[in-house]
1. Scan segment 37-71 residue by residue and report those that are among the hydroxyl-bearing types (S, T, Y) and more than 24 Å from the chain's Cα centre (by Cα).
2. Test R19 against the criterion of being at pLDDT 90 or above and of a type in the set (K, R), and give yes or no.
3. Restricting attention to helices (runs of 4 or more DSSP H) lying wholly within the chain, give those where 1 or more residues are surrounded by 10 or more Cβ atoms within 10 Å (Cβ to Cβ) and small (G, A, S).
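The values are calculated or read from the model by the stated rules, or taken from the named source; none is laboratory data. Please read these numbers as outputs of a predicted model, since none were measured by experiment. Note that each Cβ is placed from the backbone with ideal geometry, even for glycine, and that neighbours are counted across all protein chains shown.
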Amino acid sequence: MTDQDKTQINITHLARLARLAIPASSHASTAEDLDNIIAMIDAMQSVDTEGVEPLSHPLDSKQLLRADVVSESVSREAFQNNAPKTEDGYYLVPRVVD
C-alpha cells in the first residue's frame with residue numbers, strides 16, 4: 001500500500017467520522033490542508049509561555065450589561081391551561097421507561 005493510498009484511506013475515514021462528503025478528487029488537497037493545520041498547531045505549542053498570565057478576554061474593552069431586573073412575570077396557570085394533564089402545579093407526562 002502506497003503513502004497515497006494511506007492518505008486517501010485516512011481522509012475517507014476522517015470524512016466518515018465527521019459525517020462530511022469529501023470527493024475523492026479533493027483527498028490530496030484536504031490531506032495537505034490538514035497537514036498545514038497540524039504544523040501550525042505544532043508551531044503554536046512550541047512557543048514558550050512560561051510566566052505569561054492568561055487573558056480573560058483578548059480585547060481591552062468593557063462589556064456594557066443591562067441591569068438584572070425582572071421585566072415580565074410568568075403565570076404558571078396560563079401556561080398549564082394548554083397542557084393535557086397537570087396536578088399540583090406539575091405537568092403530568094406518560095411513563096416512557098418500564
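1. Selection gives S46, T49, S61, S71.
2. Yes.
3. The helices (runs of 4 or more DSSP H) meeting that bar are 3-17, 27-45.
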